[in-house]
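Have a look at the structure below before the remarks.
The values are calculated or read from the model by the stated rules, or taken from the named source; none is laboratory data. If you're wondering where the values come from, they're calculated on a predicted model, not measured in any experiment. Neighbour counts are summed over all protein chains in view; Cβ atoms, including those assigned to glycine, are modelled from backbone coordinates with ideal geometry. With ligands, DNA and RNA removed, areas are computed over all heavy atoms of the protein, side chains included. Shrake-Rupley method; radii C 1.70, N 1.55, O 1.52, S 1.80 Å.
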Amino acid sequence: MGYTSREEWQRHFADGMGFRRLGDVERALLAEHAPAPDGGGRALEVGCGTGELAVHLSGVGYVVDAADFTDSALARARAEHPDARGVRWLRLDVERDDPEPLDADGYDLIVMRLVAAFLRDRSRVLHGLGQRLRPGGALVVITPTAENTPAHRRDIALDEGEIRMLGAGWQQAEQLDADGLAVLVLRGPGHVDTTAVEMDAPPVHAQAQALAVVTDEYGRVLLGRSERNMWELPGGKTVGGEDFAAAAVREPAEGTGLVADPADAYVVTLLADVSHGAPRLTAVVRITPHRGRHRDLGPGRPAGRRTRPRPVRAGRGRAAHARLS
């Protein structure tokens, strides 16, 4: 049920589907932790669906604004509860619509039941709802938990970290259990004098790496066998403040025992591309001269054009010298 659009929810309710029925433990916890004030109070239910909770709240002393963003849900709510008193049905998307239809005097209780997992920006929504609480009021979030939800329905639930994030910035955040549902009671929003701004995702940092071109006295180029069983130049990502030349010198030294001075390495060319959604800059670095000899290509075994060099262990895979044509 990973719905992301109003149209999907419209079909959901139009096809006769609904949600888990309001349980006795939920009713008891609401009565204990969010009773209506003496003389009655005003409540807002966000995402009221077919109206079961809204009608319950109206029966225990609240005048209720029941909001949902689908016409099909509200049509069913009116049809299934034709005698409901003290409930005002509102077509409203709390994430996108103008909140002007909501009560200007605020609410003693705001409830989101089985809704939080579907919000795109939970922190911003809770911030806005917190500004509409009357002094002493409570915002109650009731949600399935990932721990008690089958993996194939994970998108309807929140994990413990996500639930804790909902309580960030509130003076009181108490988490209760209602037959496997998490009931989070929030009081005293600590951010009523601030403005929530929805930010774009932070940019992905570019990757920088160097490939080393190393040749021996026979003109052969050092290659390594990759994890995909392909021959490739030795190389890897730059580390810390390392420049391309230093990275190119370090990689063969770690993998093959060949040692060079970064001062004897120079960038031949640069390649810019994208890898796994992140920009990547690759430097091809020529290294000359160098000291040492590949560990496992013994003397007297040059690899000519028709001679296949013997693969040996080096770094992430196997390495060998191939004749430079």
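Worth pointing out:
- With R₀ set to 25 Å, the beta-carbon distance separating residue 95 from residue 134 gives a calculated FRET efficiency near 0.65.
- Percent of C-alpha pairs per 10 Å bin in region 1-141, short distances first: 12, 45, 36, 7, 0.
- Descending by average beta-carbon neighbour count within 10 Å, the peptides 112-124, 170-182 line up as 112-124, 170-182, the highest first.
- In angstrom, the C-alpha Rg and Dmax of region 52-125 are 12.6, 36.
- The largest accessible area among 38, 159, 68 belongs to the first residue in 38, 159, 68, and the rest follow in falling order (1.4 Å probe, all chains).
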